[in-house]
Structures are given as structure tokens and as C-alpha cells.
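The values are calculated or read from the model by the stated rules, or taken from the named source; none is laboratory data. Small disclaimer: the values here were computed from a predicted structure and weren't measured. Positions of Cβ are backbone-derived with ideal geometry, glycine not excepted, and every protein chain shown enters the neighbour counts.
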Amino acid sequence: MTETEIEEKVKRFWDAKKRNLDEADSRELEKTLKEIDECEFIDPSSERPVKVVDFVRWLNPESLLEIVKEKYPYFDYIKDRFPARMRFVAYHCLSGNRFLMASYRSLSKEDWRKIGFDKIEPYETLRDFTYERIGEENLPALTDIMIKEIGSIAEKKRIIIGERVMEDATDIPALKHDPESEYSGYYKEWGYKVDITLDADHQIPLNYLPLGINEDEGKCLKGSQEKLKSLGIEEKERMVDGKYATFENIASSKSKGIDLFFKIAKNWKRESVDEMENAVRDRYQKYHNEMDFIPTKSISCMLGYLYEKGEHELVGRYYRAENMEIAHTSEYRRKCNERSSKMEGSNGYMKNVAGLCDRFRRRGWRAFLIRVGFTVLSLLFAALTRLQNGITKNLGNVTYVV
């Protein structure tokens, strides 16, 4: 008898047993099975979606509480109240509710117990905790704390976070008559924009920067790289589109040991690596009277020296010429295509599934900051909860948290 046949026979046996149970025994069995489910973490999937409250109850938020410690002078006396409040914030982020009151009212008495409350917390207390003690100004800091914690747990499980990243900006339409939004001729709409740095292998947002819809996202790259470094992330390669491929950004990335991959624009002037190498050697020799000048034949040493001397355009031109010479190779094209498919997919996912475009119905820059921050947090709460409970795949997926 095959394994499949054995499983089918066992299934028929238990189906027959259930049919023979009376109503009281059947209820008792269902209660027991429910209790068993509550004793183990279930990773949401298409076969087994999980309610938001049954997902966030497994979150351990202790490491996140530093974000509100300074906001409560008497924190040490009431710190046992905050884990449940942070789970409520996670519940709100993952629920997709537009308003905090909607999340508050959606919880039953049993739900309040599941996320750690002894009794139903007053709404004003949770509103104050979410919008005042955390607030839009602390959302980036909370994001940083979560990414550090995710990276720490992942490292113990031999998972590397942030080694390969990609970056892009996406537009966010504003509500009608929003006086703080701007019109973009490129996007053909009124709205805002957010620059997002994404882990290429685990689809986790590692940094975000809200922008005006007409601001240049290319200026965000250096800050994003510095942010990741401050979070203990050792970035090795970054995939971007042409808007980020300025000479300054290319040179800066190389100075940090980061390989920058970008699509080559048709109107860029093509310069051979040999031509650029001669230009680098000529420029290097002009510094021969400097006290720190060291004769060398190494082109990489020359480029490093010139970068320190502020010759960023020349250094960027050299490295861009290198990229342009290998842009036709299958490996380079694969990386550019990977960025395009994954980044566009992630932006669409955040807008349509995680609620970035339909999360709040308030106007203005502050509402936009909260909308973006909570959407990013929803993916990080999902990733952190999974890692804390032994799951290492699909970390930021919230599709089946319902």
C-alpha cells in the first residue's frame, strides 16, 4: 500500500468517526482542535489563510519598545502594558483598516485577550500611543529598530539581509483638493512619491524616504546606502534605474565597495575603458606634488585617491564606462531585468495588497507620512513575526494575513 493510499484510508477513518459523534462531542472536538491550532504558529498560505489577530499574537515586540521609552517618564512602572499596545499597532498596520477606530472596533473580547490585554483598552489610550507617542516622526526610527532585529534573527539562522538590494521610487496619488500635493506632468496626476530600498532576495523594505512627486529620487541613493550601513547591513550590490546612475552616485557606490547595476540610456556618450584609464592616469599625475601622493600603477588606487580629492565626475565616468562595456552580457542584463520585475512587482504589491494607495482617507503631507510608514511597517511586522517563529521564507508576504 502506497503512502498516499494510507493517508486516504486514515482520512476516511476519521471522517467516519466524526459522523458518529453526537452534537456535544462534536463541539468538544472542534474546541480541542482550535486549542491545538492556538498552541502553534501557522504561517499564512493560500491553503490556510490566517486572521490578522491570530498572526500578530505571535509577535514578540519587546525589542521595539525602546521607541516609546523616552515618551513615558514612568516607563519602568508600566512597561508591562506596552507589548500588547505594540501588537495592537501591528494589528492595525496589517488589517488594512483606513482608520484606527475601525481596527479598535473590529476586535472582540477574545481578540483583545489574544494580543495580550487583560481587558479592553480605552480607545484614547491606544490613539495616543499610536499617533502621539510613536507618531509620524518616529515611524522611520521604528522601521530602523525592526530592520536591526530582523537582521539579528536572520543572521542566527544563516540568512543574509541586505547583501543585494534594489531601489526605486513610486508615485502615490493624492486625494482630490489636497493643498499640499503637487501635479506631475510625468505621472499625469496630483500626489506624492516615495523612494524605497528593497532586499532583492527576501523582498523586505530596508529604507524609505517620502518625497514630493516632482523631487529627484536620484539624490536618495547615497543616504540610503549610509542608512543601511548604520543598521549593520553589509551591502554588496545595488540595482537601480537610470535616474540614480549619476557620476556622483556611481563613484560614491564604488568608494563604499558596492557594485551599482543600472540600465544604460541610449543617449549616453560612450567612452571606452582604455580612454578613461588614460584620463585617470593623466589627472592622477597632476597631484604629484601633493604630500600624500604615492606613485602607483594600480588604476583602482588612483581612482580611490582621486575620489578622496573630490574628482567624483571623472571617477564616475570611468566606472560608468566599465558598466557600458559589459551591459550586453547576459549576467548584466539579468540583473537589470531582475530589478525591473521585482521592484515593479513590489511597488504594485505595496499599493494594491498592502494598502499604500488606499490606506487613509485624509489629505496632507502628515497623512501621507503615516500612510507610507504604516504600509512599510506592515511588511516588517510580518517578516519579524515569521522569523521569531522559525519561518524563513516569504518573510514580507501579507497576502494571506486576512
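Being part of a strand (DSSP E or B), buried (at least 18 other Cβ atoms within 10 Å of the Cβ) and not acidic (D, E): is that true of L303 here?
When the stated conditions are applied, L303 does not pass them.
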ask   = Regarding N278, is this residue in contact (Cβ under 8 Å) with a residue 24 or more places away in the chain and among the polar types (S, T, N, Q)?
value = no
key: Long-range neighbours under 7 Å by Cβ, at least six apart or interchain, first residue touching a residue at least 60 places away in the same chain (Cβ under 8 Å) and not assigned by TED's automatic domain parsing to the domain that holds V372 within segment 94-113, second small (G, A, S) and in a helix (DSSP H, G or I)   = none
ask   = charged (D, E, K, R), under 24 Å from P140 (Cβ atoms) and outside any loop (DSSP other than H, G, I, E, B): does that describe R85?
value = yes
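Conditions (1) loosely packed, with under 15 Cβ neighbours inside 10 Å; (2) in contact (Cβ under 8 Å) with a residue 60 or more places away in the chain; (3) aliphatic (A, V, I, L, M), marked per residue:
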{"site": "Y183", "(1), (2), (3)": "yes, no, no"}
{"site": "G191", "(1), (2), (3)": "no, no, no"}
{"site": "C220", "(1), (2), (3)": "no, no, no"}
{"site": "G223", "(1), (2), (3)": "yes, no, no"}
{"site": "F262", "(1), (2), (3)": "no, yes, no"}
{"site": "W268", "(1), (2), (3)": "yes, no, no"}
Options D216, D144; residue that is assigned by TED's automatic domain parsing to the domain that holds L380 and over 21 Å from S341 (Cα atoms) = D144
query = Out of (1) at pLDDT 95 or above; (2) surrounded by fewer than 12 Cβ atoms within 10 Å (Cβ to Cβ); (3) under 30 Å from G345 (Cα atoms), what's the single condition that is false for M146?
reply = (2)
Complete set of residues in segment 53-76 that are in a helix (DSSP H, G or I) and among the aromatic types (F, W, Y) = F55, F75
request  = For segment 380-402, enumerate the residues that are of a type in the set (S, T, Y) and in a loop (DSSP other than H, G, I, E, B).
outcome  = T392, T399, Y400
